[in-house]
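Below: one structure, written as structure tokens.
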Amino acid sequence: MGAGPLKKIGVLTGGGDCPGLNPVIRAIVRKSYSLGLEVIGIKNGWKGLVENETIPLDFQSVSGILPKGGTILGTSRTNPYKDPNHLASLKANIQSLRLDALVVIGGEDTLGVAHKLFKEGIKLVGVPKTIDNDLSETDYTFGFDTAVNTAMESIDRLHTTAESHQRIMVVEVMGRHAGWIAVHAGIAGGADFILIPEIPIDLEEICAAVQNRHARGKTFSIIVVAEGAQFATGQAVTQDRKLDEFGHVRLGGIGETLGTLIEKKTGFETRVTVLGHVQRGGSPTALDRVLGTRFGVKAVELISNGEFGKMVSLKGNAIVAVPIESAVKQLKTVEMDLYEIAKIFFG
């Protein structure tokens, strides 16, 4: 990456997909071309830079992608720091593609790689992406609002079937380390209990509350649980023990475990719904389209101003720049004052 005038930038999307990625890509391309910059799309996250898989991005490429979910560039959970050869290929490909700067769109893992590369002299900026909303230094990330709305609509639908059958419904939503989706969707959907990774699950307390509800004539309950919620033993429930390239296990199963235990303890019929990847899919909400667009434009502005190593961020209603380093330093977990509001409606 030379010291001359900026001519060509690369853009990649890494980690889990989410609604709002395409609005970001579209905004990056439109803003770049208004400044006379060429844009290269890197396919499938860091994997595309390792394997030199790219596509040119122009007005035609991004036409019509605003309402589309997912990412037209593809994504992966590739970690180039797992293999020195991969890292060498990545750096060589940045040179051969003549990229003057990179826009890296991703969450904690993808931006963690970006921060390491920046320290090694690669000019780049970050755009925060996580439906879990657990990245520090930004109030919200795009994709979160869409995921919350999807979960809320599912809870709304489960209310009617739970009431009709006098059942307990356990709804498992995404949230590995932080229960933002569970809390927001739970409050919005009128859940009777919300269980999050930040607070150990107290099975006795939930069962007692369910029985109290029944005693006062409430013959159904809706329990929302984040996939990363744990019992007091501290062991997360996982689908398997296989790790991804960033050392994460695939979570899932806390809903089924919880449902079985609640039915056994209370005697009330319990059903479990795991929303899973439904939360990642579909068309982004207006809020996520606007936020993604604002992030994309700001990212290109940072590059044109030479503000590298920064991440775009929403603070209040302003889009600002923060160091990538501080954004990935620690996870942003649920604020307890928000959870206290949710608890008013428990039971």
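Selection of region 44-63 for residues being over 17 Å from Ala114 (Cβ atoms) and surrounded by fewer than 23 Cβ atoms within 10 Å (Cβ to Cβ) yields Glu51, Asn52, Glu53, Thr54, Ile55, Pro56, Asp58, Phe59, Gln60, Ser61, Val62, Ser63.
Can you list the strands (runs of 3 or more DSSP E) lying wholly within region 42-156 that have 3 or more residues being under 24 Å from Gly309 (Cβ atoms) and aliphatic (A, V, I, L, M)? Break it down stepwise before answering.
Details: elements: 54-57, 101-106, 124-128.
Per the criteria, 101-106, 124-128.
In region 324-347, the residues that are under 15 Å from Ala178 (Cβ atoms) reach residues that are among the hydrophobic types (A, V, I, L, M, F, W, C) and assigned to a helix (DSSP H, G or I) with C-beta atoms within less than 8 angstrom, at least six apart or across chains, in these pairs: Ala327/Leu111; Val328/Leu111; Val334/Trp180; Val334/Val183; Leu338/Val183; Tyr339/Val183; Ala342/Val183; Ala342/Ile187.
Going by the structure shown, is Ser136 out of contact with any Asp or Glu (no Cβ under 8 Å at 6 or more places or on another chain), over 12 Å from Gly14 (Cβ atoms) and of a type in the set (Gly, Ala, Ser)? Criteria met by Ser136. Condition check: of a type outside the set (Ser, Thr, Tyr) and in contact with an Asp or Glu (Cβ under 9 Å, 6 or more places away or on another chain). Does Asp58 satisfy that? The answer is yes for Asp58. For a quick check of your reading of the model, give me the residue pairs whose first member lies in region 245-273 and is on the phi > 0 side of the Ramachandran plot and modelled with pLDDT under 90, whose second is of a type in the set (Val, Ile, Thr) and not in a helix (DSSP H, G or I), with beta-carbon atoms closer than 6 Å and at least 6 apart or on different chains. Matching pairs, first to second residue: Gly253/Val237.
State yes or no: is Tyr33 hydroxyl-bearing (Ser, Thr, Tyr), touching a residue at least 24 places away in the same chain (Cβ under 8 Å) and touching a Leu at 6+ places or on another chain (Cβ under 9 Å)?
Details: hydroxyl-bearing (Ser, Thr, Tyr): yes; touching a residue at least 24 places away in the same chain (Cβ under 8 Å): yes; touching a Leu at 6+ places or on another chain (Cβ under 9 Å): no.
When the stated conditions are applied, Tyr33 does not pass them.
The set of residues from region 318-332 being at pLDDT 95 or above and out of contact with any strand residue (DSSP E or B) (no Cβ under 7 Å at 6 or more places or on another chain) comprises just one member, Ala318.
The values are calculated or read from the model by the stated rules, or taken from the named source; none is laboratory data. Quick caveat, the model's predicted, so the values are computed rather than measured. Cβ: placed from backbone, ideal geometry, glycine included. Neighbour counts: every protein chain shown.
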